[in-house]
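To start, the structure itself, in structure tokens.
The values are calculated or read from the model by the stated rules, or taken from the named source; none is laboratory data. Values in this document were obtained by computation on a predicted structure and should not be read as measured data. With ideal geometry, Cβ positions are generated from the backbone for all residues, glycine too; neighbour counts draw on all protein chains shown. The accessibility values were calculated without ligands, DNA or RNA, using every heavy atom of the protein model including side chains. Shrake-Rupley method; radii C 1.70, N 1.55, O 1.52, S 1.80 Å.
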Amino acid sequence: MPSFKNFREGWVRPALFFGNNPLSLIGGALTTAAGLTLVGFWIVDILGRGGSTNPYLGILVDLLLPGVFVFGLLLIPVGMWLRRRRLRIKGQLPEAYPQINLADPIFRRGIEFVLAATFVNFILVGTASFRGVAYMDSPNFCGAACHVMYPEYTAYKIGPHSHVPCTECHVGSGINSYIRAKANGTKQLIEVAFHHYPTPIGSPVESLRPARDICESCHTPAKFAGDKFIVKTSYGDDEHNSRTQSIVLLHIGGRDTLGNLTGIHGVHLGHIEYVATDKERSTIPWVMRRTPDGKETVYATSAAGSGVPQGERRTMDCIDCHNRAAHAFVTPEEALNNAMYAGAVSPQIPWIHKEGMELLKASYASEDEARQKIPAQLEAFYRSSHPEVLASQSALVKTAGQQLAVVYSQNVFPFMKVTWGTHPNNIGHMNYPGCFRCHDGDHVNKAKAGDSIPNDCSTCHNLLAVDEPNPKILSEIGMQ
Ligand code: HEC
Ligand code: HEC
Ligand code: HEC
Ligand code: HEC
Ligand code: HEC
């Protein structure tokens, strides 16, 4: 076999000879270590156990580790070329290349070095990757390390789902959504690295897992929730921040003990499809309800025209109402009312509602600026217009200023262009169209005169009080 002999003498022996240099040896060790780690990830992935569903893992498994692999691979010929050049300049190129001989101490030392370096590198690369995975899986990574997600992370931490990992809702199960999420995650990380991401990040999220898979793994949709008593407290712009309250008894319903679907949950958990003509799903000209007996009723606005309009067609699920379940941003009115009700911004301070609202709605270049300016301007306002307030309640004013800044920083993120109202909440109808996207009286059944998606005030709740100073019902049930 002369060609094999040629190959051995003309290529393999010189390669090993020139390759016996630190640079090439380190390259070889890096490549093997990255390769072994990669194979480890693939095996865990294929077994499907202990594998992570994190979308950003793609950057590690698909980019970083292969990067180290290729880098190591490139170091080998570079090292060989350098050694060859060095020897040629010194005129020390051998006539014939040494045989491959394990007894040769130089050759043996090279092999020992590669083995040892591979072992060390494997431990290093492997541990770093493993820790990287654990880190990337934590909400901390999604929310804090990646500052792009900071608005959602901030709202999430104070929301009811602060113990549900981001990936639980944002990454699907199954190989398809896994691969899609990974590709998406890698794209996002690259966008972030090159400062080329959308501000704000838009909703709705098209790649969200179906609500059936996310929400229903913890909440039983058919659980009968009955009626919910909701009290909302607001304050006025007058000197005394006069307090009023609205009270509704909301018919959440569900599946009752007789198996009937009732109330808000019951009705929509049946089959309702709709077409939205804008990306935000805020304009819904066409809605179809299918009852269990297969009967279909179409409700449409005059804008829908005849037939089914063009747009996104969707079957209604939890997220059409609970779109802000995990990270809700509120309006400045809600934010201030809540803070005053909780006492963080004391309603005892004259004019605080009016002045607080103005400060919240003003624009600030950054969160830092808001944190510094809001308390300072509140104090300046009282100093110039109502010094007697500052004299008697300076501590309350100071706390109020700080708390206003906190409220601001939980809802407005100038660097991501997230401001009041950027992410509407669909759960009610007072602040955003919400339920009234369909329940507005304009969605009519053309086949049956007088039939429309109901919108009278008693459809969804009993209105027990609307902006009353001292609702009688509260004293009757001993709440006042
Ligand atoms: C309980 C489920 C759930 C959890 C947990 C969750 N999200 Fe979301 N997220 C959603 C839903 C639902 C939407 C879609 C809102 C829409 O379609 O209008 C969304 C939308 C988003 C968006 C798009 C922009 C926006 O504000 O609507 C971002 C970014 C986001 N989530 C990041 C996160 C991060 C970061 C975490 C963890 C810190 C997280 N999410 C945890 C359910 C969740
Ligand atoms: C991993 C479990 C889990 C998942 C997934 C989950 N939730 Fe929850 N959810 C909870 C827990 C636990 C609470 C109760 C928190 C509390 O009472 O403080 C809760 C509370 C709620 C509440 C009541 C909030 C309030 O302010 O009282 C709503 C509404 C809700 N979840 C909707 C959803 C929706 C919609 C989804 C899907 C997008 C979802 N949840 C996904 C565990 C989960
Ligand atoms: C048609 C709109 C709508 C849909 C669809 C919907 N919900 Fe609700 N849900 C509501 C309203 C309204 C409330 C009461 C809101 C409040 O407490 O302020 C509520 C309340 C809840 C609560 C809190 C119940 C309590 O006792 O406080 C949970 C949990 C919940 N929903 C889960 C779900 C899940 C899971 C789905 C999907 C299977 C779902 N919802 C679908 C409108 C909806
Ligand atoms: C995508 C359109 C759509 C949205 C959004 C929507 N609904 Fe509905 N809703 C319907 C349809 C369709 C019906 C069935 C009407 C019928 O058959 O009479 C319905 C029925 C109801 C009913 C039962 C009315 C009755 O008397 O039978 C209640 C209660 C209700 N919705 C509450 C809500 C609440 C609360 C929200 C917001 C959190 C909401 N809906 C959001 C489409 C919608
Ligand atoms: C399609 C269902 C639906 C209809 C119709 C409806 N509401 Fe509501 N309403 C809701 C829901 C859901 C909430 C609770 C929102 C929340 O939990 O934040 C609510 C809350 C309220 C509140 C509480 C105060 C607040 O600031 O949130 C008032 C007041 C109110 N509705 C008034 C009305 C009036 C007046 C009408 C008739 C013109 C009406 N609603 C029709 C679903 C409806």
### Query
Among His386, His443, His429, His423, which is the only one that is over 30 Å from His147 (Cα atoms) and under 31 Å from the mean Cα position of the chain (by Cα)?
His429
### Message
Among the residues in segment 214-237, are any out of contact with any Phe, Trp or Tyr (no Cβ under 9 Å at 6 or more places or on another chain), in a helix (DSSP H, G or I), within 16 Å of ligand 2 (Cβ to nearest atom) and open to solvent by 60 Å² or more (accessible area, probe 1.4 Å)?
### Response
yes
#### Entry: When residues of segment 394-420 are limited to those that are open to solvent by 40 Å² or more (accessible area, probe 1.4 Å) and over 25 Å from Glu379 (Cβ atoms), the one modelled with the lowest pLDDT
Phe415
### Task
Mind listing whichever residues of segment 248-302 are on the phi > 0 side of the Ramachandran plot, at pLDDT below 90 and not in a strand (DSSP E or B)?
Gly259
### Task
Name every residue in segment 230-280 that is within 30 Å of the chain's Cα centre (by Cα), of a type in the set (Gly, Ala, Ser) and within 24 Å of Met357 (Cβ to Cβ), in order of residue number.
none
### Task
For segment 447-480, enumerate the residues that are open to solvent by 80 Å² or more (accessible area, probe 1.4 Å) and either out of contact with any strand residue (DSSP E or B) (no Cβ under 7 Å at 6 or more places or on another chain) or of a type in the set (Asp, Glu) (or both).
Ala447, Lys448, Ala449, Gly450, Asp456, Asp467, Asn470, Lys472, Glu476, Ile477, Met479, Gln480
### Message
Against the definition (of a type in the set (Val, Ile, Thr) and at pLDDT 95 or above), how does Ile349 come out, yes or no?
### Response
yes
### Task
Inspect segment 395-413 for any residue being of a type outside the set (Phe, Trp, Tyr), within 16 Å of ligand 2 (Cβ to nearest atom) and closer than 21 Å to Leu359 by Cα and give the result as yes or no.
yes
### Failed criterion for Leu396 (all others in (1) more than 16 Å from ligand 1 (Cβ to nearest atom); (2) of a type in the set (A, V, I, L, M, F, W, C); (3) in a loop (DSSP other than H, G, I, E, B) hold)
(3)
